[in-house]
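Shown next, in structure tokens, is the structure this report addresses.
The values are calculated or read from the model by the stated rules, or taken from the named source; none is laboratory data. Given the structure is predicted, the values throughout are model-derived calculations rather than measurements. Here the Cβ positions follow ideal geometry from the backbone for every residue, glycine too, while neighbour counts run over all protein chains shown.
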Amino acid sequence: MLEVFKKKSKFRIILISFLVLFIISCNQKSKEQKEAAKLPIEMELVRLDQILYESDVQDFPKIRREFSSFFPSQFPDSIFINKITNPLYQQLYKEVKKTFSDDKELVESFVPTLQLIKYHFPQIKLPNKMIGLISDMDYENKVIFTDSVLIVSLDLYLGAEHKFYDDFYDYQRQNFKKEMMVSDLVSDFATYVVEPNKDRSLMAQMIFHGKELYLKDILLPNTLEEHKIGYTKAHLDWCKENEGNIWRYFIENNLLFDTSFHAYQRFLEPGPFSKFYMEFDNETPGRIGAWVGWQIVRNLMNNNKVPLQQMLQMDAKEILELSKYKPKN
């Protein structure tokens with residue numbers, strides 16, 4: 001009986017300690033968010049999609065002069081006019097207009113993230129203009145962050161099941177929804193603050209992507225994990241349930257220091273699944289190496305007092321060593 005009591009007492013202490021740490025962590029996060037929320041964000045929204053599709057054709061030369069960077073000089077006006085007047089593009093614009101009918105809501109959806117960027121990276125100049133447009137379904141550049149303008153391809157956030165996305169793969173289409181806009185913003189912003197990778201090993205590239213994803217933990221505190229990485233909930237759960245097995249596979253197959261492009265393709269390139277060349281491949285999400293890199297960086301930051309900006313500049317080998325990453329399952 002005494003032994004049982006000791007075990008119960010120990011459990012209570014651990015549980016209470018965990019709850020205290022959890023409360024402290026939540027208070028710390030809310031404190032950062034509250035402080036960040038006080039920071040002013042100036043953002044003018046320009047709906048280039050509306051300007052183009054609701055103006056008379058004869059006004060196009062004037063529009064082109066005003067927004068010259070969006071219309072390559074080697075192409076004549078007729079190329080762009082034909083596109084604007086094309087019935088399919090007209091229908092696409094109607095869908096964009098219906099989905100993004102509230103300009104204030106569109107701008108405000110980005111403000112908390114921009115405030116947190118300003119809070120954590122005061123040295124970074126933020127854009128004061130947002131341009132919403134139709135981008136020809138350029139899914140590799142959904143949101144572009146610069147120090148003067150934020151460019152958002154509104155045609156790529158109509159909803160995963162939208163008919164305009166029928167020709168895309170499921171793993172691409174699942175991220176064509178409004179909830180992904182701020183996640184895509186942080187992905188592009190990360191190119192400004194994450195130290196470029198000189199080490200071409202799989203491990204270094206995994207941790208490079210892990211830094212970007214950890215940045216989302218900080219800048220997107222209220223965003224679901226699956227939206228940070230662009231997975232389904234089922235795929236995210238699979239990763240968590242098999243974390244130890246994934247890590248063991250990398251170790252046993254000497255993949256961590258593999259510098260081949262083939263290794264990158266298997267575990268970091270976007271795709272419907274990762275390529276272990278095992279019977280369970282179809283159960284896995286693509287880019288599983290990025291997810292593992294994320295857990296390594298989380299381990300580092302949870303177990304060491306490392307400032308955010310310092311971590312983003314750290315060498316991958318140092319991060320792996322200090323993280324003491326050894327998942328079990």
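Taking into account only those residues within the range 154-192 that are assigned to a loop (DSSP other than H, G, I, E, B) and of a type in the set (D, E, K, R), which is nearest to Asp49 (Cα to Cα)?
For the range 154-192, the residue satisfying everything is Lys177.
In the range 73-82, is there at least one residue being surrounded by 10 or more Cβ atoms within 10 Å (Cβ to Cβ) and closer than 30 Å to Ser183 by Cβ?
No, the range 73-82 contains no residue that is surrounded by 10 or more Cβ atoms within 10 Å (Cβ to Cβ) and closer than 30 Å to Ser183 by Cβ.
In the range 90-113, what residues are under 23 Å from Ala36 (Cβ atoms) and out of contact with any strand residue (DSSP E or B) (no Cβ under 8 Å at 6 or more places or on another chain)?
Lys104, Glu105, Glu108, Ser109, Val111, Pro112, Thr113
Any residue in the range 92-103 that's surrounded by fewer than 17 Cβ atoms within 10 Å (Cβ to Cβ): show its pairings with residues that are not in a loop (DSSP other than H, G, I, E, B) at Cβ separation under 6 Å, as long as the two are six or more apart or on different chains.
Hits for this filter: Asp103/Leu45.
Please go through the range 33-60 and give me each residue that is more than 31 Å from the chain's Cα centre (by Cα), part of a helix (DSSP H, G or I) and closer than 23 Å to Phe100 by Cβ, ordered by number.
The answer is Asp59, Phe60.
Can you say whether Thr259 is more than 21 Å from Leu320 (Cα to Cα), surrounded by fewer than 21 Cβ atoms within 10 Å (Cβ to Cβ) and β-branched (Val, Ile, Thr), as far as the supplied structure shows?
Working: more than 21 Å from Leu320 (Cα to Cα): no; surrounded by fewer than 21 Cβ atoms within 10 Å (Cβ to Cβ): yes; β-branched (Val, Ile, Thr): yes.
Considered against the rule, which asks whether it is more than 21 Å from Leu320 (Cα to Cα), surrounded by fewer than 21 Cβ atoms within 10 Å (Cβ to Cβ) and β-branched (Val, Ile, Thr), Thr259 comes out as no.
I'm trying to understand the selection: among the residues of the range 225-250, which are without any contact (Cβ under 8 Å) to a residue 12 or more places away in the chain and not charged (D, E, K, R)?
Ala234
Among the listed residues Ile117, Ile63, which satisfies the condition of being outside any loop (DSSP other than H, G, I, E, B), on the phi < 0 side of the Ramachandran plot, touching a Ser or Thr at 6+ places or on another chain (Cβ under 9 Å) and modelled with pLDDT of 95 or more?
Ile63
Of all residues in the range 198-233, which are aliphatic (A, V, I, L, M) and assigned to a helix (DSSP H, G or I)?
The answer is Leu202, Met203, Ala204, Met206, Ile207, Leu213, Leu215, Ile218, Leu219, Ile229.
Would you check if Gln123 is modelled with pLDDT of 95 or more, in a helix (DSSP H, G or I) and polar (S, T, N, Q)?
Here the answer is no, as Gln123 does not meet what is asked.
If the Cβ limit is 6 Å and pairs must be 6+ apart or interchain, which residue in the range 196-211 that is closer than 20 Å to Val306 by Cα pairs with which residue that is β-branched (Val, Ile, Thr)?
Hits for this filter: Met206/Val292; Ile207/Ile296; Ile207/Ile319; Gly210/Ile296; Gly210/Val297; Lys211/Val194; Lys211/Val297.
Which one is surrounded by the most Cβ atoms within 10 Å (Cβ to Cβ) among residues in the range 267-313 that are closer than 20 Å to Met203 by Cα, touching a residue at least 12 places away in the same chain (Cβ under 8 Å) and charged (D, E, K, R)?
Arg287
Which one is farthest from Gln50 (Cα to Cα), of the residues in the range 76-113 that are under 24 Å from the mean Cα position of the chain (by Cα) and among the β-branched types (Val, Ile, Thr)?
Result: Thr113.
I'd like to check something: does the range 52-62 contain any residue that is among the β-branched types (Val, Ile, Thr) and surrounded by 15 or more Cβ atoms within 10 Å (Cβ to Cβ)? Lay out the reasoning, then the answer.
The initial filter retains those residues of the range 52-62 that are among the β-branched types (Val, Ile, Thr), namely 57.
Next cut, surrounded by 15 or more Cβ atoms within 10 Å (Cβ to Cβ) only: none.
Looking for residues that are among the β-branched types (Val, Ile, Thr) and surrounded by 15 or more Cβ atoms within 10 Å (Cβ to Cβ), one finds none in the range 52-62, hence no.
Just one of (1) farther than 23 Å from Leu116 by Cβ; (2) touching a helix residue (DSSP H, G or I) at 6+ places or on another chain (Cβ under 6 Å); (3) outside any helix (DSSP H, G or I) trips up Glu195, so point out which.
The failed condition is (1).
Collect the residues in the range 234-261 that are of a type in the set (Gly, Ala, Ser) and either farther than 22 Å from Tyr171 by Cβ or assigned to a loop (DSSP other than H, G, I, E, B) (or both), keeping them in residue-number order. Walk me through how you get there before you give the answer.
First pass over the range 234-261, keeping only residues of a type in the set (Gly, Ala, Ser): 234, 244, 260.
Answer for the range 234-261, where residues must be of a type in the set (Gly, Ala, Ser) and either farther than 22 Å from Tyr171 by Cβ or assigned to a loop (DSSP other than H, G, I, E, B) (or both): Gly244, Ser260.
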